[in-house]
Amino acid sequence: MALGETLQRNAADSAAHEPRLIVEPGASARVAAIAEPVIEQLGFRLVRVRVSGAEGCTVQIMAERADGSMTVEDCEMVSRALSPVLDVADPIDRAYRLEISSPGIDRPLVRKSDFERYAGHLARIETAMPFQGRKRFRGLLIGTEGDAARIRRDDATADEEAEILLPIEEMSEAKLVLTDELVAEALRREKFAKREARAARKEVRREERQSRHRPQRPAAKGGE
């Protein structure tokens, strides 16, 4: 295998197994503990679990590939694999509806790489405990330092620091704000993912054609 391919594969493996720093409590945590190993075995990453009681009970599980993509077919694959596992484990004490979805454009941020990937975009953040006298923040993601995210706030008052560093593990929720810039970037990522997928399918077809036309070596005769 070429060095470039090895580095790309190692990077993909690292991204696939990167831990979430923002996790859910209670019933959602029980579902996540069961769902995450199944999702990872399929080559995806768990993003978030949410158990909602509105209009009956719904268990919503967000998942994605390491590059952030998630197709309808991917969601169906995860649902088929996960449904019987949840039925046996029975983490919810009442009937529920299972929903598998992509994170969406204005997605939750749960891993350090999420804060790095979406640097330059607006985010809303809520901390578990008050930080500098407040728990809710909104601002531009600047990047990360260690396991903390640097944010340039657009909601700071005159006597507050505009740029702050928030530990990611102390956040209870972080989510992108839907903006025109974010939508444009999502469209670019989608086009790139489709182009990569077409190239991969073309390469597979090329290898299949070469395999069909490759001359077969004659079988060795006995005693030779």
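The values are calculated or read from the model by the stated rules, or taken from the named source; none is laboratory data. The structure displayed is predicted, hence computed values, not measured ones. No Cβ is skipped: glycine too gets one built from the backbone with ideal geometry, and neighbour counts run over all protein chains shown. We work out accessible area using only protein heavy atoms, side chains counted, and drop any ligands, DNA or RNA first. Shrake-Rupley method; radii C 1.70, N 1.55, O 1.52, S 1.80 Å.
The Cα trace of the range 114-224 gives Rg and Dmax of 25.8, 92 Å, the first to one decimal, the second as a whole number. Sequence-distant contacts, meaning Cα pairs under 8 Å at least 6 residues apart, place the relative contact order of the chain at 16 percent. Label sites at ASP159 and ALA81, each approximated as a point 7 angstrom past Cα along Cα to Cβ, lie 5.4 nm apart.
Highest mean packing first, where packing is the average number of other Cβ atoms within 10 Å per residue, the peptides 37-48, 192-203, 177-188 line up as 37-48, 177-188, 192-203.
Once neighbouring chains are kept in place and the probe is 1.4 Å, which whole percent of the accessible area of the range 122-208 is contributed by carbon and sulfur?
Ligands and nucleic acids excluded, carbon and sulfur give 51 percent.
Once the 1.4 Å probe is applied to the protein heavy atoms, the range 113-171 comes out at 54 Å² accessible per residue.
Dipole size of the chain about its Cα centre, with +1 on Lys/Arg Cβ and -1 on Asp/Glu Cβ: approximately 1260 debye, rounded to the nearest 20. Approximating the spin labels as points 7 Å out from Cα along Cα→Cβ, the GLN60-to-ARG134 distance works out to 2.6 nm.
Reported value for the chain: 194 Å³ per residue, from the convex hull of its C-alpha atoms. All distinct Cα pairs of the range 17-131 go into the 1/r average, and the inverse of that average, the Kirkwood radius, is 14.9 Å. Remark: for residue pairs LYS135/LYS175; LYS112/LYS175; LYS112/LYS202, the C-alpha separation exceeds 22 Å in LYS112/LYS202.
Mind giving me the FRET efficiency for GLU196 and HIS17? R0 is 30 Å, r the Cβ-Cβ distance, nearest 0.05 is fine. The value I calculate is 0.90.
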